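Below is one structure, written out as structure tokens; comments come after it.
The values are calculated or read from the model by the stated rules, or taken from the named source; none is laboratory data. Quick caveat: nothing in here was measured; it's all calculated off a predicted structure. Virtual Cβ from ideal backbone geometry, glycine too; neighbours counted across all protein chains shown. Areas reflect the complete protein model, heavy atoms only, side chains present, ligands, DNA and RNA absent. Shrake-Rupley method; radii C 1.70, N 1.55, O 1.52, S 1.80 Å.
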Amino acid sequence: MYLKEKNVGPLVAILSLVLVAIITILFFLPAYDGEIGFDVTILPLLNAIFNCFTFIALVVALFAILKKNVRLHRTFIGAAFTSTTLFLVSYVTYHYLTESTKYGGEGALRSIYFFILLTHILLAIVVVPLALLSAVRGLQMKVDKHRKIARWTMPIWLYVSFTGVVVYLMISPYY
């Protein structure tokens with residue numbers, strides 16, 4: 001699948017801003033007050049699983065492209081986008097239905113947790129437009145432009161997906 005020579009920059013910018021805005025708004029809304037019908041604490045576990053899948057897919061995609069296997073690379077980048085999309089749906093659902101969980105650790109571990117969480121959040125915001133632009137440039141077969149942005153996108157996306165799992169493991173005792 002190849003995209004035509006269209007300038008998708010504005011669309012990427014709008015989609016990125018909308019996603020970040022929705023997630024930001026969720027933190028300021030009160031938790032849903034109605035009946036839910038299931039234990040929402042399963043959703044953070046699903047988020048961690050989706051982040052883990054994303055990380056694995058990105059690693060396989062990276063090795064595939066290093067071996068010049070574009071087809072396998074594209075397949076696993078698609079898998080990374082799929083698991084990231086499932087993560088976003090689960091994440092938004094959880095934060096719509098419940099209040100954020102407070103971290104209960106103390107001392108140095110608390111500082112480490114908040115450092116990882118802060119860098120995770122900030123880089124998650126950054127990786128949205130980077131990943132979308134990388135994908136578009138790849139699909140447009142603008143290989144040089146794709147490589148330039150993918151050199152930044154891949155390590156950031158790997159960090160965000162890996163630290164998503166770490167954040168879950170550190171906060172899971174407090175759900």
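Being of a type outside the set (A, V, I, L, M), under 20 Å from the mean Cα position of the chain (by Cα) and buried (at least 16 other Cβ atoms within 10 Å of the Cβ) is a property that holds for residue 94. With respect to (1) surrounded by 16 or more Cβ atoms within 10 Å (Cβ to Cβ); (2) over 20 Å from the mean Cα position of the chain (by Cα); (3) at pLDDT 95 or above, the lone exception for residue 72 is condition (1). Only residues that are open to solvent by 70 Å² or more (accessible area, probe 1.4 Å) and of a type in the set (Val, Ile, Thr): list them for the range 37-69, please. Hits for the range 37-69 are 42, 56. Going residue by residue through the range 115-138, is there one that turns out to be in a loop (DSSP other than H, G, I, E, B) and either touching a residue at least 24 places away in the same chain (Cβ under 8 Å) or within 20 Å of the chain's Cα centre (by Cα) (or both)? There is no residue in the range 115-138 that is in a loop (DSSP other than H, G, I, E, B) and either touching a residue at least 24 places away in the same chain (Cβ under 8 Å) or within 20 Å of the chain's Cα centre (by Cα) (or both). Residues that are more than 28 Å from residue 127 (Cβ to Cβ) and open to solvent by less than 80 Å² (accessible area, probe 1.4 Å) were ranked within the range 17-36; the one that is farthest from the chain's Cα centre (by Cα) is 34.
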